[in-house]
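As structure tokens, the structure follows; a few thoughts come after it.
None of the figures in this text is laboratory data; all of them are computed from the coordinates on show. Bear in mind the structure is a predicted one, so any value in this text is a computation, not a measurement. So basically every Cβ, Gly included, is an ideal-geometry build from the backbone, and we count neighbours across all protein chains shown.
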Amino acid sequence: MKTREELRAIRERAREALAVRDSEGGPRVVVAMGTCGIAAGAREIVSALLDELSSRELTDVSVTQTGCRGLCDREPMVEVIVPGKTGVTYCRLTPQAMRRIVADHLVNGQVVTEYAIGAGPEA
Amino acid sequence: MRELSLHILDIARNSIEAGATALQVSIVEHQDTDALELIVRDNGRGMDEDSLRHATDAFYTTRETRKVGLGLPLLKATCERCEGALDIRSKPGEGTEVRATMRLTHLDRPPLGDMGKVVQALACEAERTSLRYRHQTNGKRFEIDTRDLQKELGNVPVTDPRVLCWLAEFVRNGILSTGSKA
């Protein structure tokens, strides 16, 4: 049972980290959330992503959303943008694949080519 | 859409795309009159009469703006299949209210599904669009507002993934505590 007390505990833990962390310009994960994305399972992708970021305490990664990207048959899709690197779009994701992308791409800097449809702003 | 909560996520995404700074989602279960109401209200840019008239037409979509598409027609079909209706009110510059009704115990009514994850997904945008979620079953109410949470959190953002994971479960528990049967 989640309670307000637990929220306060999260706040206290997060505050300690805030002092040392530079919150500007961290990696971003943009989840496609058009009707097509939602019907294909984008909500479960967001949930798996947040769960993985939370348990690894990757609090400098921001999660944002966008509409239909025009490739409805390849949903669910996300774009992973690491500052200083070209963005990578991943498609036909499952929650497990999303968790792997967090570990391989965001933590270890390795693109998960299996799910990538292209890299760079022109892709 | 397999769950009503996914329809709600879809409709609420329209509000965010329409530039809303405040979003309200309400679910009301009237077990006595066997009715279920889903309401999504925003203060976004709204629609003019012409757009409003065509909003539930699947083949009317302004590709440049992507204001409408399949989302509302799909929800309308679900409402009508379950002896309910879809009602949209909107004023340019003021906002939009989408109200979906259906018979609570209708055999074809999709389950409400995981609203915790929907609130969590919408709260990712809380810095741009605040969210107030209300769930009422008969007289019993559960309510949460990302602006109140932010006050409680101080300089820790609502969008911290640990806060969002807490939020999903808090909402699921809150809905159960009202005696929801949706």
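If you take every DSSP beta bridge whose two residues both sit in segment A:23-119, what share of them, in percent to the nearest 5, is antiparallel? Counting only bridges with both partners in segment A:23-119, antiparallel ones make up about 65 percent.
State the Kirkwood hydrodynamic radius of segment B:68-182 in Å, one decimal place, computed from all pairs of distinct Cα atoms.
After inverting the pairwise mean of 1/r, the radius is 16.0 Å.
Over all other residues within a Cβ to Cβ distance under 13 Å of B:C82, the charged ones net out to -1, with Lys and Arg as +1 and Asp and Glu as -1. Taking the Cβ of A:N108 as the center, what net charge do the other residues with Cβ under 14 Å away carry, scoring Lys and Arg +1 and Asp and Glu -1? It works out to a net charge of +2.
Of all beta bridges that DSSP places with both ends in the protein assembly as shown, some 75 percent have antiparallel geometry.
With contacts defined as alpha carbon pairs under 8 Å and 6 or more residues apart, what's the relative contact order of chain B in percent?
So the answer I get is 25 percent.
For the segment A:57-63, counting C-beta atoms of other chains within 10 Å of every residue's C-beta and taking the mean gives 3.
Say a site is exposed when it is one of the GluC sites (Glu not before Pro), sits in a DSSP loop, and has at most 13 other Cβ atoms within 10 Å; what is then the longest site-free stretch of chain B?
In short, B:95-182.
Reducing segment B:92-141 and segment A:30-109 to their Cα centroids gives an inter-centroid distance of 23 Å. Hey, which of these cross-link pairs are over 25 Å Cα-Cα: B:K76/B:K181; B:K117/B:K140; B:K117/B:K151; A:K85/B:K151? Over 25 Å apart, Cα to Cα: A:K85/B:K151. In angstrom, the C-alpha Rg and Dmax of segment A:23-119 are 12.1, 35. Within the same chain, aspartates and glutamates fewer than 8 places from B:K91 are excluded, and of the rest, those with a Cα less than 13 Å from its Cα are B:D42, B:D48, B:E49, B:D50.
The P(r) of the protein assembly as shown has a tail past 29 Å containing 36 percent of all C-alpha pairs.
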